[in-house]
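The values are calculated or read from the model by the stated rules, or taken from the named source; none is laboratory data. Worth saying up front: this structure is predicted, and the values here are computed from it rather than measured. Here the Cβ positions follow ideal geometry from the backbone for every residue, glycine too, while neighbour counts run over all protein chains shown. What goes into the accessible areas is simple: the full protein's heavy atoms, side chains included, and nothing from ligands, DNA or RNA. Shrake-Rupley method; radii C 1.70, N 1.55, O 1.52, S 1.80 Å.
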Amino acid sequence: MNMPAKPNVYAPVITIDGPSGAGKGTICQNLANKLGFGLLDSGALYRLTALAVVQQGIDIANQEAVAKIALALDIQFETSEQGVQALLAGKDVSRDIRLEETGMNASVVAAYEPVREALLERQRAFQQLPGLVADGRDMGTTVFPNAVLKVFLTASAEERANRRYKQLIERGESANLRAQLKDILARDEADSSRASSPLKAAEDAIVIDSTTMPIQAVLDEIMLLVKQRITA
Ligand code: DC
């Protein structure tokens, strides 16, 4: 791993949690760039675990074996002009971790308590100066309960399906709006109903519903909160 082992408790953390397709990825990247903060894409850790499980021919139903993989993950994140590249055992797997199949497997391994525990310290180690933007489902509730600002970013399932659909079409991939909606609803159900760290807003989170908001308006609203909490 290209990260230090110990978190720096003086580094401010901004957590952005929410369901699939709410726009967290874009918002977090923008925020981290604007503030010069580090970025934790926690979903990528679950995706990398799922990919390593498949590559190593491990039975995905075996929680303990999957947790061992999570604990021993040999991963690096490299930032370049194209965004953040994810390396697994030195190989760029940025595309593989974004495949639908990897996403589905990631939601399976993310429901395993031993896997979540195995990834906890790795995630906390991202807390370094000058600060961190953490993107996920349980950033504000479990991983960084002392975050200086917690946002829960959501949007209606229909709008999230619509955004995904447009993204796929723009990338030249085939897509079906009804199938996207079905997939989003299935992920919502899996992420919210699991026993371990289910998707829910932290009590002290600020909920932003982006259904009718353009990305820039969401960013402006969050930057205002950042100014009040951190830079003021
Ligand atoms: O955000 P994403 O689609 O890359 O996340 C992949 C899967 O990992 C998804 O099923 C939700 C899960 N996840 C999680 O359980 N906890 C996190 N902090 C981040 C992602």
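Quick one: in the range 183-197, of everything that is in a loop (DSSP other than H, G, I, E, B) and of a type in the set (Gly, Ala, Ser), which residue is farthest from the chain's Cα centre (by Cα)? Write out each step before concluding.
Here is the first cut: in the range 183-197, the residues in a loop (DSSP other than H, G, I, E, B) are 194-197.
Still in the list and also of a type in the set (Gly, Ala, Ser): 195-197.
Working: ALA195: 19, SER196: 16, SER197: 14 Å.
So the residue we want is ALA195.
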Any chance the range 46-69 includes a residue that's closer than 30 Å to LEU149 by Cα and more than 16 Å from the ligand (Cβ to nearest atom)?
no
Restricting attention to the range 165-191, the residues that are within 16 Å of the ligand (Cβ to nearest atom), free of Cβ contacts under 8 Å to residues at least 12 places away in the same chain and among the small types (Gly, Ala, Ser) number exactly 1
Condition first: closer than 19 Å to GLU189 by Cβ, open to solvent by less than 40 Å² (accessible area, probe 1.4 Å) and not hydroxyl-bearing (Ser, Thr, Tyr). Now tell me which residues in the range 92-114 satisfy that.
GLY103, ASN105, ALA106, VAL109, ALA110
Looking only at residues in the range 119-142 that are surrounded by fewer than 21 Cβ atoms within 10 Å (Cβ to Cβ) and over 23 Å from ASN30 (Cβ atoms), which one is nearest to the ligand (Cβ to nearest atom)?
THR142
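So, restricting to helices (runs of 4 or more DSSP H) that lie completely within the range 97-181, which ones have at least 2 residues that are farther than 30 Å from LEU71 by Cβ and touching a helix residue (DSSP H, G or I) at 6+ places or on another chain (Cβ under 7 Å)? Write out each step before concluding.
Details: elements: 100-109, 113-124, 157-170.
In the range 97-181, 157-170 are the helices (runs of 4 or more DSSP H) which contain 2 or more residues that are farther than 30 Å from LEU71 by Cβ and touching a helix residue (DSSP H, G or I) at 6+ places or on another chain (Cβ under 7 Å).
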Open to solvent by 90 Å² or more (accessible area, probe 1.4 Å), within 16 Å of the ligand (Cβ to nearest atom) and of a type in the set (Lys, Arg): is that true of LYS150 in this structure?
no
